[in-house]
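**Student:** This is the structure, below, for whatever I ask next.
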Amino acid sequence: MGWKKLSSRTIWENDWMQVREDDVVNPGGGKNLYGHVHFKNQAVAIVPLDDNGNTWLVGQDRYTLGAWSWELPMGGAPLGEAPIDAAKRELQEETGLTAAAWTEIMQLHTSNSITDECGFVFVARDLTEGETAFEETEDLEICKLPLAEAQAMIERGEITDAISVAALLFVASGTPSLP
């Protein structure tokens, strides 16, 4: 039968997201009140790789977690912007790196039980170092390290961001054919 939306109302909204409450009929025929977080941006993440097998992480204090987080360089792309354009901007802003070669390696949904957010992950190669351009909300620590060490950080529970974990493990597995 699938899900059927009976009605919807916006509970809260800002420039980045909208929280809705939907009256629905679930696949089993029962009625439910379902929370839905709609993001007004797409997530973009970048796995920068140099010729020596190194990558870059950014560390920051994440307000929502109340904790420090090591992650890939990432950010948001307004829904009308091409994810690759946002990825190029975010890589430069957060690490100072620019890349001559880009490969999209995956699309994923960050928490599909409550949100429609879609994430795009790119590998960036042929890197050139430059200056960062942090946003006002960013106080980042940048770390260049071997890809194998990033994988070990995941195994030790030091990287917990879902997009970062998925992307780094995918690349470390050798699954993608990268230029």
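The values are calculated or read from the model by the stated rules, or taken from the named source; none is laboratory data. Remember, predicted model here, so these are calculated numbers, not experimental data. Don't worry about glycine lacking a Cβ; one is built from the backbone with ideal geometry, like all the others, and counts go over all protein chains shown.
**Student:** Which one is farthest from N41 (Cα to Cα), of the residues in region 138-163 that are in contact with an Asp or Glu (Cβ under 9 Å, 6 or more places away or on another chain) and surrounded by 18 or more Cβ atoms within 10 Å (Cβ to Cβ)?
**Tutor:** By that ranking, first place goes to I159.
**Student:** Restricting to region 22-69, count the residues that are closer than 22 Å to H109 by Cα, outside any loop (DSSP other than H, G, I, E, B) and either under 13 Å from the mean Cα position of the chain (by Cα) or of a type in the set (S, T, Y) (or both).
**Tutor:** Summing the residues that are closer than 22 Å to H109 by Cα, outside any loop (DSSP other than H, G, I, E, B) and either under 13 Å from the mean Cα position of the chain (by Cα) or of a type in the set (S, T, Y) (or both) in region 22-69 gives 12.
Residue-by-condition table, conditions (1) surrounded by fewer than 13 Cβ atoms within 10 Å (Cβ to Cβ); (2) under 27 Å from A67 (Cβ atoms); (3) touching a helix residue (DSSP H, G or I) at 6+ places or on another chain (Cβ under 6 Å):
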| site | (1), (2), (3) |
| --- | --- |
| I105 | no, no, no |
| T115 | no, yes, no |
| C118 | no, yes, no |
| V121 | no, yes, yes |
| R125 | no, no, no |
| E129 | yes, no, no |
| A133 | yes, yes, yes |
| E136 | yes, yes, no |
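**Student:** Restricting to region 98-155, count the residues that are free of Cβ contacts under 8 Å to residues at least 40 places away in the same chain and of a type outside the set (S, T, Y).
**Tutor:** Total meeting the criteria: 16.
**Student:** Of everything in region 64-103 that's polar (S, T, N, Q) and under 22 Å from T128 (Cβ atoms), which residue is surrounded by the most Cβ atoms within 10 Å (Cβ to Cβ)?
**Tutor:** T95
**Student:** Here's something else I'd like to know. Does L33 qualify as being in the same structural domain as A167 (by TED's automatic domain parsing) and either exposed (fewer than 14 other Cβ atoms within 10 Å of the Cβ) or over 21 Å from E149 (Cα atoms) (or both)?
**Tutor:** Judged against the criteria, L33 is not a match.
**Student:** Moving to a separate point now. On the given criteria, is D61 farther than 20 Å from M153 by Cβ, surrounded by fewer than 17 Cβ atoms within 10 Å (Cβ to Cβ) and not polar (S, T, N, Q)?
**Tutor:** The answer is no for D61.
**Student:** Next up: Could you list, in sequence order, the residues of region 94-152 that are small (G, A, S) and either under 21 Å from L168 (Cβ atoms) or at pLDDT 95 or above (or both)?
**Tutor:** Across region 94-152, the qualifying residues are G96, A99, A100, A101, S111, G119, A124, A148, A150, A152.
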